[in-house]
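Take a look at the structure below.
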Amino acid sequence: MRKHPQLVEMLPEAILRHGPRRFMDYLAQEKSFDAEHHTETCSLVQKTVYPKGLRNLEHGSGYQAAFTDVIVNSLDKVMHHNKSLQKQSSRLRFVDIGSGKGKALIIAHSYPFETIVGIEYNQDLCGIACRNLSITKCSRAELFCKDVFEYDGFGDDTVYFAFNPFDKQLTEKVAKTVGCYGNVYFIYNNPSYKEVFGGWQLVDRTVGYCPNREVDIYYRQASP
Ligand SMILES: C[S@@+](CC[C@H](N)C(=O)[O-])C[C@H]1O[C@@H](n2cnc3c(N)ncnc32)[C@H](O)[C@@H]1O
């Protein structure tokens with residue numbers, strides 16, 4: 001037990017506040033990913049310890065890794081939808097908006113994406129992500145250690161993943177920016193601001209016992 005101080009801390013909080021189900025998810029969806037891949041993705045990083053002066057800090061969330069099966073099931077659904085399209089794209093890119101310690105990038109690496117991109121503005125998290133990507137030999141993944149609004153690589157044929165990284169104002173801005181392009185998927189985990197995707201097609205909605213299990217998948221068609 002001394003090897004897992006976080007486990008000891010989490011136990012009373014998870015069981016008392018969220019119940020045994022949330023705790024089981026922590027073990028099966030967060031802790032076991034790291035045990036299997038020899039990575040460090042599962043410990044939380046609160047915004048209070050983020051470097052001061054980050055642009056948009058007041059609009060963003062802290063770090064928490066998405067559940068493994070949420071990422072996997074969402075990517076399976078996107079691949080399935082893309083295959084069903086008449087003009088399916090064989091050149092899809094994956095972009096994690098607010099990529100944290102790189103967990104979604106590692107999972108995306110086993111899918112046939114042409115490129116895999118992570119955008120994260122917290123340098124400390126980028127450093128950890130870099131280590132995790134190296135340990136897992138994710139050679140196709142590229143990290144951009146910058147604010148998402150300083151990234152200039154948005155384009156067509158892209159699958160975005162966002163685990164509730166920011167408030168409504170920035171979510172709306174991101175949806176507008178990436179929605180200017182065609183054949184774009186937006187996997188929105190813990191979708192707090194669904195209303196900003198009004199002009200998008202809802203491909204799939206998963207509801208769950210807690211917000212981290214909820215996922216909306218939106219799609220924007222290719223321009224004719
Ligand atoms: C809830 S975490 C999700 C991490 C990762 N996507 C995952 O599922 O493992 C949200 C991440 O978004 C990052 N973030 C928030 N606002 C950002 C911004 N404006 N630009 C880049 N990253 C941002 C945070 O630092 C945090 O790491």
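Derivation of every value follows stated rules applied to the coordinates shown; laboratory data play no part. Fair warning: this is a prediction, and the values are worked out from it, not measured in the lab. So basically every Cβ, Gly included, is an ideal-geometry build from the backbone, and we count neighbours across all protein chains shown.
Counting 0.36 nm for each residue step from Q201 to V72 and taking away their Cα separation leaves a gain of 44.4 nm. Helix screen, the chain: DSSP H segments with Cα axial length of 20 Å or more and mean Kyte-Doolittle hydropathy at least -1.0 are 68-84.
Per-residue packing, averaged as other Cβ atoms within 10 Å, sorts the ranges 136-144, 156-164, 19-27 into the order 156-164, 136-144, 19-27, beginning with the highest. Ordering 175-186, 203-214 by mean Cβ neighbour count within 10 Å, with the highest value first, yields 175-186, 203-214.
For K87, the lysines whose Cα falls under 24 Å of its own Cα, not counting residues fewer than eight places away in the same chain, are K77, K176.
Where both bridge residues fall in the chain, DSSP classifies roughly 40% of the beta bridges as antiparallel. For the pair Y111/E142, report the inter-label distance in nm, with labels modelled 7 Å from Cα in the Cβ direction. Each label point lies 7 Å from its Cα, and together they span 1.9 nm.
Let me check against my output: what whole-number percent is the relative contact order of the chain, with C-alpha pairs under 8 Å and at least 6 apart? After rounding, I find 16 percent.
Amide H contacts of I116: F94, E142, each under 5 Å away and 5 or more positions distant or on a separate chain (H built 1.01 Å from N in the peptide plane; Pro and chain starts excluded). Can you tell which of T206, G102, Q46 lies farthest toward the positive end of the dipole of the chain, using +1 and -1 charges on the Cβ of basic and acidic side chains (Lys, Arg; Asp, Glu)? Sorting the options by dipole projection puts first T206.
Among 85-95, 104-114, sorting by the average number of other beta carbon atoms lying within 10 angstrom of each residue, highest first, gives 104-114, 85-95.
Using the rule -39500 (n - 2.57) for each DSSP H run of four or more residues, divided by the residues of the chain, the 222 nm mean residue ellipticity is -9000 deg cm²/dmol. About the centre of its Cα atoms, segment 94-224 shows a dipole size close to 320 debye [charges on the beta carbon of Lys, Arg (+1) and Asp, Glu (-1) only; nearest 20 debye].
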